[in-house]
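Peer 1: My structure is below; once you've seen it, I'll send some questions.
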Amino acid sequence: MDNFFKSVRKHIDRLDINQLRGQYARALEEVVFLDTLISTIAQGILVLNEQGEIVRANPAAHTLLGMAPADALRYLKIPVGRASKSEITLTYPDTRTLEVQTQPMHGPTLVLLRDITAEKARTNAELRAGASHAIHDLARSVAHEIGNPLNAISLNLQLLARDYPTNESIAECRRQVQRLDGIIRDFLQA
């Protein structure tokens, strides 16, 4: 569209009516193309004037917000006239997380909305899996550290049992060490 006005301004004195019609037709084609592009893009697009009122919204913005964009503006904290990037969580009609990016443009502010719910869920699942893996590794390490002294205690109890075969305290200690060793083995297999 800018090209149309630049071209017309530059050559206005030399253009006849047919040339003006041609320039106008090309400008109109460009407007229709851009309108179609904005209407079909999956990302939500809002254009706000200097007062923060919506002057343009594509269908994806309505879908992502779950309500008319003008109604959603009451709930959203969109900074007009400055660049920003944030996330918002909406709970109507279903819970989802949107990335909200604003970009000022010589007066109006462009607002881009993108559904990042699936990305957030994947990231959270990866974090949980990583934490679970770390806990498992820590547990294995702790079990190993407990197992080493238990083995030493068990060996020493065996030696004591040779010297004192009828001592009931030594036999009880050996049973308890075996019980702890079984608990550790079960824990490591879980």
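The values are calculated or read from the model by the stated rules, or taken from the named source; none is laboratory data. A quick note: this is a predicted structure, and the numbers were derived from the prediction, not measured. Glycine also receives a Cβ, built like all others from the backbone with ideal geometry; neighbour counts cover every protein chain displayed.
Peer 1: Count, please, the residues in region 161-170 that happen to be assigned to a helix (DSSP H, G or I) and exposed (fewer than 15 other Cβ atoms within 10 Å of the Cβ).
Peer 2: Total satisfying the criteria: 4.
Peer 1: Quick check, is residue 129 under 30 Å from residue 90 (Cα atoms), free of Cβ contacts under 8 Å to residues at least 40 places away in the same chain and hydrophobic (A, V, I, L, M, F, W, C)?
Peer 2: Considered against the rule, which asks whether it is under 30 Å from residue 90 (Cα atoms), free of Cβ contacts under 8 Å to residues at least 40 places away in the same chain and hydrophobic (A, V, I, L, M, F, W, C), residue 129 comes out as yes.
Peer 1: Quickly run through region 73-105 and pick out the residues that are closer than 22 Å to residue 117 by Cα and among the aliphatic types (A, V, I, L, M).
Peer 2: Within region 73-105, 73, 76, 78, 88, 90, 98, 100 qualify.
Peer 1: What's the total number of residues in region 24-48 that are under 29 Å from the mean Cα position of the chain (by Cα) and of a type outside the set (Val, Ile, Thr)?
Peer 2: Of the residues in region 24-48, 7 are under 29 Å from the mean Cα position of the chain (by Cα) and of a type outside the set (Val, Ile, Thr).
Peer 1: Consider only pairs whose beta carbons are under 8 Å apart and that are at least six residues apart or on different chains; among these, list those whose first residue lies in region 142-153 and is in the same structural domain as residue 185 (by TED's automatic domain parsing) and whose second residue is of a type in the set (Val, Ile, Thr).
Peer 2: If the second residue must be of a type in the set (Val, Ile, Thr), the pairs left are 143/184; 146/184; 147/184; 150/177; 150/184; 153/177.
Peer 1: When you check residue 104 against the structure, is it in contact (Cβ under 8 Å) with a residue 60 or more places away in the chain, touching a Lys or Arg at 6+ places or on another chain (Cβ under 9 Å) and assigned by TED's automatic domain parsing to the domain that holds residue 65, yes or no?
Peer 2: In short, no.
Peer 1: Another question, then. Name the residues in region 129-162 that are among the charged types (D, E, K, R) and modelled with pLDDT of 90 or more, would you?
Peer 2: Within region 129-162, just 162 meets the criteria.
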